[in-house]
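Only one structure is covered here, and it is reproduced in the block below.
The values are calculated or read from the model by the stated rules, or taken from the named source; none is laboratory data. These numbers come from a predicted model, not from an experiment. Neighbour counts are summed over all protein chains in view; Cβ atoms, including those assigned to glycine, are modelled from backbone coordinates with ideal geometry. Quick note on the areas: whole protein, heavy atoms, side chains included, nothing else; ligands and nucleic acids left out. Shrake-Rupley method; radii C 1.70, N 1.55, O 1.52, S 1.80 Å.
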Amino acid sequence: MKLDLIAGARPNFMKIGPIIKAIDLYNDSNKDKKIEYRLIHTGQHYDQNMSKSFFEQLDIPDPHVNLGAGSGTQATQTAHIMTGYEKALTEWTPDICIVVGDVNSTMACSIVAKKAGIKVAHVEGGIRSGDWTMPEEINRIVTDSITDYFFTTSEEANKNLAQEGHAKEQIFYVGNTMIDSLLSNLNKLKKPDFFDEKLQGDNYLVLTLHRPSNVDDPEKLAEILKVIEEAAEGTQILFPVHPRTRKIMETLSIDYKNMILVEPLPYLEFIYVVSNAIGVITDSGGITEETSVMNIPCITLRNSTERPETIRLGTNELVPDISQATPLIHQMIKGKWKQAQLIPFWEGKAAERIVDLLSQMDISAIRK
Ligand code: UD1
C-alpha cells in the first residue's frame, strides 16, 4: 500500500506525527507487506515556531515534498496548495491520500487526490460546528463530501456522518491522534526559558487567540483583551501571540498590565505552560481537547464548537460573547470548575488503530 500523508498547518503536525510512528512500527514487523508513504508538507505554515519546531520536538521526519504554498487569501493559499499537490501526484501515485484536521491544506489536497482517482481518508472526519462563517467548517464539509474512509474522534462525529448519508462501513471510530501526541510527550515537557523570570509561580492563565472572527477586527480584539485583563486582575495572563493576531495587535495601543506577550511556543513548552496553568482561555479547537485530557479548566471564546464532547465530558465551556466572560474567568481563578471525565478512545492508541485498519484493507478494491 502507498500513502500520501498531508500536513500543512501547526495543528496538523501533532495529528500526523503519531500516524508516521505507527506506520514505521508496523513496517518493522511486516517487512514483506510494508506500507510505503510520502510525507507532504504543503507549506501553509512555514516559520520556525509555527512549523519547524514541531517537526523537531515531535520527531517527525523531514517531509519528502514541500509544496511551499505559504500565506495568502483563502483562495490564493488553497490554489497554491492544489497546483503544488497536483504536480506532486505526477511524480508518485499513492493508493490513499490521508488528510488530517480542517485547515485549507486538508480540503485542497483531498480535492486534488479525489479528482486524480485516489481514495481519500480523513483523520478527524465528521466534526461540525454548524458555523458556516468559519473557513474550517467549509473545509470539513467539502473534505467529508469526497472522503472514502473516515477516522473519527467522537460519537458526535459518527452521528454527523451517518446523518449526512455516509455508509457505516466507511466510518471508523479510532480516537484522537492529537491526544496520542499529547500522552506520549507528557514526560518530555519543557519549561520555557522565560518561565521563572516572567511568571510569579503557577498562578497564571494561558490565552490563545487566532480565529479571524475574534482577531481580524481591531476593535473587537481590543475589547476581548480589555475584558480578560480586567476580569483577571491580580492574575498573570501568559499570551503566546499567533502571527495573524500579532499583525492586528501592532495596530492597537494598549498598555498591558498583567498580560505577558510571548512568541508562539514550541509544542513541549506550550503543553508545559498549559499543564501548570490555573486555566486556559482560547478560541482554538485542538486546545479544548488537550485541556480536557489534562483536566485543566478551559473557556472557549466562540459561539459554537465542533468538539461538543469537550463540553459534555471535558473541561470546556463556551463563551459566545466576550461580555459574558467575566463571571466564568472569576470562577476559573477561584478553582471552581467541572472535572473532566474520560473521553472514549482518547487514550493514546488512535494512530495504531488507523494503521491496523489500513493494513487490513483490500488493496485491489482500493485501486478499483
Ligand atoms: C490556520 C487554519 C486554522 C488553524 C490555524 C492554526 C485555515 C483556514 N486556517 O489559520 O484552522 O487553527 O492555522 O494556526 O486553514 N503566518 C506566519 N507564519 C506562518 C504561518 C502564518 O507569519 O508560519 C501568518 C501569515 O501572515 C498569515 C497568517 O499568519 O497570513 C495566517 O496564517 P494562515 O495559514 O492563513 O491561517 P491561520 O490563521 O494560521
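Summary of values
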item: Mean separation of Cα contacts under 8 Å, 6 or more apart, over the residue count of the chain: relative contact order %; result: 16
item: Reach of residue 15 by Cα under 15 Å, taken over aspartates and glutamates that are not fewer than 8 positions away in the same chain; result: 4, 56, 59, 102, 124, 180, 289, 290, 347, 352
item: Hz values of 3J(HN,Hα) by residue in the stretch 178-191 - Karplus curve (6.51, -1.76, 1.60), Gly and Pro given as x; result: 5, 6, 4, 4, 4, 5, 7, 10, 4, 8, 10, 4, 10, 6
item: Stretchable slack from residue 261 to residue 183, in nm (0.36 nm times residue separation minus alpha-carbon distance); result: 25.4 nm
item: Distance histogram for the chain (every C-alpha pair counted, 20 angstrom bins, percent rounded to whole numbers); result: 30, 59, 12, 0
item: Set of aspartates and glutamates with alpha-carbon distance to residue 115 below 12 Å, sequence-local pairs under 8 removed; result: 86
item: Helix-only [θ]222 nm of the chain, DSSP H runs n ≥ 4, -39500 (n - 2.57) each, per residue, nearest 500; result: -12500 deg cm²/dmol
item: Amide proton proximity set for residue 173, modelled H, under 5 Å, gap of 5+; result: 152
item: Long-range HN-HN contacts of residue 70 with modeled amide H, under 5 Å; result: 44
item: Potential extension, residue 361-residue 30 segment - 0.36 nm per residue separation minus Cα distance; result: 117.7 nm
item: Dipole in debye (nearest 20) - the chain, about Cα centre, beta carbon charges: Lys, Arg +1; Asp, Glu -1; result: 580
item: Long-range HN-HN contacts of residue 204 with modeled amide H, under 5 Å; result: 278
item: In the stretch 206-288, the trypsin sites (Lys or Arg not before Pro) that fall in loop regions by DSSP, at most 12 other Cβ within 10 Å; result: 257
item: Among the listed pairs 52/87; 87/114; 2/119; 2/34; 226/257; 2/168, those beyond 19 Å (Cα-Cα); result: 52/87; 2/168
item: Using θ = phi - 60° and Karplus 6.51 cos²θ - 1.76 cosθ + 1.60, couplings along the stretch 349-360 (whole Hz; Gly, Pro as x); result: 10, 5, 5, 4, 5, 4, 5, 4, 5, 4, 5, 8
item: Residues of the stretch 292-307 with amide N under 20 Å of the 7 Å Cα→Cβ point at residue 74; result: 302-307
item: Theoretical gain in end-to-end length, residue 252 to residue 83 [0.36 nm per residue, Cα-Cα removed]; result: 57.1 nm
item: Solvent-accessible area per residue for the chain (1.4 angstrom probe, square angstrom); result: 43
item: Accessible surface of the chain, 1.4 Å probe, proportion on carbon and sulfur as whole %; result: 51
